[in-house]
Amino acid sequence: MATADVEAVDFEPEDDDLMDEDGPVEVEVSPRAPPPKLKSAITGGSTSLSAPKKTKGRGFREEADAERNNRFASKDFDSLDSGGGPGPQRSIEGWIILVTGVHEEAQEDDLQNVFGEFGEIRNLHLNLDRRTGFVKGYAMIEYENFEEAQAAISEMNGAELLTHTITVDWAFSNGPFKRRSMRRRSPRGHRSRSPRRRY
Amino acid sequence: MAGEDNGEFYLRYYVGHKGKFGHEFLEFEFRPDGKLRYANNSNYKNDTMIRKEVFLTPAVLKECRRIIAESEIMKEDDNNWPEPDRVGRQELEIVMGNEHISFTTSKIGSLVDVQSSKDPEGLRIFYYLVQDLKCFVFSLISLHFKIKPI
């Protein structure tokens, strides 16, 4: 990219003569900023960016790319061994599910009561909105066994908790997801559902 | 909410500084394929760099998008925010739907810094969103790897 700029400058003296005949010269031609560069190593150069994005921010006008790419370029990120293939991934001490649509006034006890039914809850994160102090809207729950987590998902996804419909799903996956496979149901998803629960 | 459910998604947050303990920083990113990367480098006392990555389900990405969409950060602009300085810098880059923001600013110690800035309303949104995102990521990382972030 830098070389292209240099070459463009080389042609300018000749261009100037032509432009003089056209009357007032638009001085804005050369100072015009190059199109913003996508800073991210991931989105930059990606062909999946179909439509041009509306960009905003000082990050597009800086040249800190090299350093940032260094930070994330290295391959030595630790990850847990996955069995490969699709499906949920086991975490180091158990299986984590994500509950969303949680009422802002929900208490840990509300979740404990409902989700404790499927097995002992090893960990429960019910994070708060830092501005309001109310529940942010999600919870993460850890069970020791796959079956417990799977039962919680099957039984509670779409159920009602404190007047809110909640969704319950695995948090971690064995591999990348593609848009197309997002709607694929787990085999158990097809079984007839018991009536929605309310709590 | 616009941009919450469909289209592309990418998020990266960085906070760091260079000082007598070298380059100390925290950075995480959510990639479009669901990969969450987390890096935390502190050279203080023990020279350790923590780098973790894990694939998330679409459900987790969707919740992340919801948090961002509800914050309305995409409507803000970093024009009048404090510039990164010697004390440190923060970067927040988000691609969501048809919009791509890449904001930079200094470290924000407290709401006093927000209040005394030239754009308190915008900076407050950034300030709280960053805390909510960190909270979300720390829960994910600590539950999955059983490490205590920071």
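The values are calculated or read from the model by the stated rules, or taken from the named source; none is laboratory data. For clarity, every value in this text was computed on a predicted model and none was experimentally measured. A quick note on method: Cβ atoms are made from the backbone with ideal geometry, for glycine too, and the neighbour counts reach across all protein chains shown.
Structure summary
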item: Residues of segment A:91-148 satisfying the condition of being of a type in the set (S, T, N, Q) and more than 10 Å from chain B (Cβ to nearest Cβ); result: A:GLN107, A:GLN112, A:ASN113, A:ASN145
item: In segment A:115-141, the residues that are among the aromatic types (Phe, Trp, Tyr), more than 16 Å from A:GLU155 (Cα to Cα) and in contact with a Phe, Trp or Tyr (Cβ under 9 Å, 6 or more places away or on another chain); result: A:TYR138
item: Segment A:157-179 residues that are within 12 Å of A:HIS103 (Cα to Cα) and among the acidic types (Asp, Glu), paired with ones that are crowded, with 21+ Cβ neighbours inside 10 Å and modelled with pLDDT of 95 or more (beta carbon under 9 Å, 6 or more apart); result: A:GLU160/A:ILE166
item: Qualifying position, being modelled with pLDDT under 85, surrounded by fewer than 16 Cβ atoms within 10 Å (Cβ to Cβ) and closer than 21 Å to A:PHE177 by Cβ, among A:SER50, A:SER82; result: A:SER50
item: Residues that are at the interface with chain A (Cβ under 10 Å from one of its Cβ atoms) and within 30 Å of A:PHE172 (Cβ to Cβ), drawn from segment B:71-83; result: B:SER71, B:MET74
item: Selection count, segment B:115-150, where residues are under 22 Å from A:ILE141 (Cβ atoms), touching a residue at least 24 places away in the same chain (Cβ under 8 Å) and touching a helix residue (DSSP H, G or I) at 6+ places or on another chain (Cβ under 8 Å); result: 6
item: Filter result (facing chain A (nearest Cβ under 9 Å), more than 18 Å from B:ASN41 (Cβ to Cβ) and in a helix (DSSP H, G or I)) within segment B:131-150; result: B:GLN131, B:ASP132, B:CYS135, B:PHE136, B:SER139, B:LEU140, B:LEU143, B:HIS144
item: Segment B:84-97: number of residues that are surrounded by 15 or more Cβ atoms within 10 Å (Cβ to Cβ) and either facing another protein chain (nearest Cβ under 8 Å) or hydrophobic (A, V, I, L, M, F, W, C) (or both); result: 6
item: Qualifying residue in segment B:99-114 (condition: facing another protein chain (nearest Cβ under 9 Å), in a helix (DSSP H, G or I), crowded, with 21+ Cβ neighbours inside 10 Å and without any contact (Cβ under 8 Å) to a residue 60 or more places away in the chain); result: no
item: Check on B:ILE68, more than 7 Å from chain A (Cβ to nearest Cβ) and either free of Cβ contacts under 8 Å to residues at least 12 places away in the same chain or assigned to a strand (DSSP E or B) (or both); result: no
item: Every pair of residues 6+ apart whose Cβ atoms lie under 7 Å, when the first sits in segment A:115-137 and is closer than 16 Å to A:GLU147 by Cα while the second is at pLDDT below 95; result: A:ARG122/A:GLU93
item: Evaluation of B:LYS146 against (1) of a type in the set (Lys, Arg); (2) at negative phi; (3) surrounded by fewer than 21 Cβ atoms within 10 Å (Cβ to Cβ) (one fails), failing number; result: (2)
